[in-house]
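The block underneath contains the structure these notes are about, expressed in structure tokens.
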Amino acid sequence: METGFNHFDKEGNAVMVDVSEKKTTSRVACAQGKIRVSKEILKAVREHSASKGDVLGVARIAGIMGAKRTPELIPLCHPLMLSHISVDFTIDEENCEIISCCTVGLEGKTGVEMEALCGVSASLLTIYDMCKAMDKHMVISDIHLVYKEGGKSGRFTFDKEDTEGKNESSGDYGK
């Protein structure tokens, strides 16, 4: 892991990282998150009967747009020519949850983790927005990077066991 902060210059001013000398590689990232909803909402989503329309269809488009617009939302993110974005949903009936997974890819000099995370976030927020008239007791949680490959740091796969029992304040959370 690199030491120091590469988003600041010598004087401490925020800067976009210069990636011009980095090698172009194939890069892929997948992020995931979930929203816990009521049985009424889950039924409406599954049966396409929500008053605002096709919840997952609109959430999928929102996720794609969220990934594409990441540099407008996250300061210092590079605008990227994304070659692939997909947003997929899994309905967990037992836990009344909708799981969103966003996968993003490109050939480039910087990674697409933030794009995948923004895609998942936008899709889940859209589900909330489209269903809040039925019930506002929804909880968005567990947004995280599941997988990434490419670039200098290589491959990463999220392992829940690596994060269990670690204290965020200890500085070793998620390393």
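Some points to look at:
- A simple count of charges around Ile98, restricted to other residues whose Cβ falls under 9 Å of its Cβ and scoring Lys, Arg +1 and Asp, Glu -1, yields 0.
- Here r is the Cβ-Cβ distance between Val139 and His84 and R0 is 25 Å; the resulting FRET efficiency, rounded to 0.05, is 0.25.
- Per-peptide packing, taken as the mean over residues of other Cβ atoms within 10 Å, places 84-96, 21-33 in the sequence 21-33, 84-96 from highest down.
- Counted charge near Ser123, where neighbours are those whose Cβ lies closer than 14 Å (Asp, Glu -1; Lys, Arg +1): -2
- Once the 1.4 Å probe is applied to the protein heavy atoms, segment 1-96 comes out at 68 Å² accessible per residue.
- Carbon plus sulfur fraction of accessible area for segment 1-54, probe 1.4 Å, in percent: 51 percent
- Principal axis extents of the C-alpha atoms in the chain (largest first, rounded to whole Å): 54, 38, 29.
- Shape call, segment 6-74: gyration tensor on alpha carbons, a/c limit 1.5: prolate
- For the cross-link pairs Lys52/Lys132; Lys43/Lys132; Lys23/Lys68; Lys34/Lys109, the ones whose C-alpha atoms lie over 19 Å apart are Lys23/Lys68; Lys34/Lys109.
The values are calculated or read from the model by the stated rules, or taken from the named source; none is laboratory data. Being a predicted model, the structure only gives us computed values, none of them experimental. Neighbour counts are summed over all protein chains in view; Cβ atoms, including those assigned to glycine, are modelled from backbone coordinates with ideal geometry. Accessible surface areas use protein heavy atoms only, side chains included; no ligands, DNA or RNA. Shrake-Rupley method; radii C 1.70, N 1.55, O 1.52, S 1.80 Å.
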